[in-house]
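We did not get these values from a lab; they are worked out from the coordinates using the rules stated. Here the structure is a predicted model, which means the values were calculated and not measured. Virtual Cβ from ideal backbone geometry, glycine too; neighbours counted across all protein chains shown.
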Amino acid sequence: MTDHVHDLRSVREATGRLLTAVAKLDNAALAEESHLPGWTRGHVLAHLARNADALVNVFEGRPMYESATARDADIERDCARPLEEHLADLRDSGDRFLATTEPAQDWSRTVELRNGVTDLAAHVPFRRLVEVELHHVDLGIGYELVDLPGDFTGREIEFLADRWSTRPEVPPVALAASDGRTWRTGSAGEPGVTVSGTPAGILAWLAGRGDKGASLTSTGGPLPVLPPL
């Protein structure tokens, strides 16, 4: 069951870890490439700040982004800023997001995200947590998938497994983690392929990150190729 209070606390903690880590960088490090193709670390940080503001829009009933073009333009505008400006923006935008969640509200209501996607308001804090945690890893500054909290990793695997279950081009797959947890993903039907490995390795494959499945074992057939997220 989703617990938005727990998730908001996790967002605050994850944002604190991110800010502490980023504060150790310098301007030159921000201009270096991140793990995301075509994006510097500055791009990742700019995206995180603007995503927080976009989720404020979601809670307040406005479009998440004015447009895809405006979203991309905002990231390009902000990516080359000096470290202190990035830190202030990350902190302030994160605080604005958390402040928007404090008033009493109907957490069971449906809200609209990007591209017509809808979800329950109670699920939005976890979506923000995903942004903060995975993009912290994407910065390539020492925080890795194996460092993610175990409960977060399991929930994100479950979320992504469900996401790929709607894609007919992904065959039915059984997922078996080394800690005993199991999931299912891919299109309908009995899974003919079982993908096994560590939770971090399974998450890397589902999210298109890290070794992207190189550390996993696939029985019953080759490791399926997933479309881009």
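Positive end of the dipole of the chain (Cβ unit charges, origin at the Cα centre): among Ile141, Pro63, Gly192, the Cα lying farthest that way belongs to Gly192.
Spatially, segment 125-201 and segment 38-60 are offset by 22 Å when compared through their Cα centroids.
What residues from segment 43-60 fall in the zone where the backbone N is under 17 Å from a label point 7 Å along the Cα-to-C-beta line of Glu112? What the label zone holds, given the 17 Å backbone N cut-off, is 54-60. Under the simplified labelling scheme, the Ala88-Thr2 pair shows an inter-label distance of 3.5 nm, with each label point 7 Å from Cα along Cα→Cβ. Placing +1 on each Lys and Arg Cβ and -1 on each Asp and Glu Cβ, with no other charges, gives segment 97-184 a dipole about its Cα centre of roughly 300 debye. In the chain, the ratio of gyration radius to Kirkwood radius, Rg to Rh, stands at 0.97 when only Cα atoms are counted. Inter-part distance, segment 10-31 to segment 76-106, computed on C-alpha centroids, equals 13 Å.
Say a paramagnetic label sat at a point 7 Å from the Cα of Asp211, along Cα to Cβ; which residues of segment 125-169 have their backbone N under 13 Å from it? Counting only backbone N, you get 145-146.
In summary, the convex hull built on the alpha carbon positions of segment 133-229 has an orientation-averaged projected area of 5.7 nm². A Cβ-based charge dipole, computed about the Cα centre of the chain with Lys and Arg at +1 and Asp and Glu at -1, lands at about 360 debye.
Can you list, largest first and rounded to whole Å, the semi-axes you get for segment 8-58 by taking the square root of 5 times each eigenvalue of its Cα gyration tensor?
21, 15, 8
Computed per residue of the chain from DSSP H runs no shorter than four, each worth -39500 (n - 2.57), the mean residue ellipticity at 222 nm is -15500 deg cm²/dmol.
Considering only alpha-carbon pairs that sit under 8 angstrom and 6 or more positions apart, the relative contact order computed for the chain is 16 percent.
Each listed q (0.15, 0.21 Å⁻¹) maps to a log10 I(q)/I(0) for segment 79-212, found by the Debye formula over equal Cα scatterers with no solvent: -0.90, -1.30.
Computed from phi, the 3J(HN,Hα) profile of segment 96-112 under the Karplus parametrisation 6.51, -1.76, 1.60 (θ = phi - 60°) reads 4, 4, 5, 5, 5, 8, 6, x, 4, 7, 8, 6, 8, 6, 8, 10, 10 Hz, with x in place of Gly and Pro.
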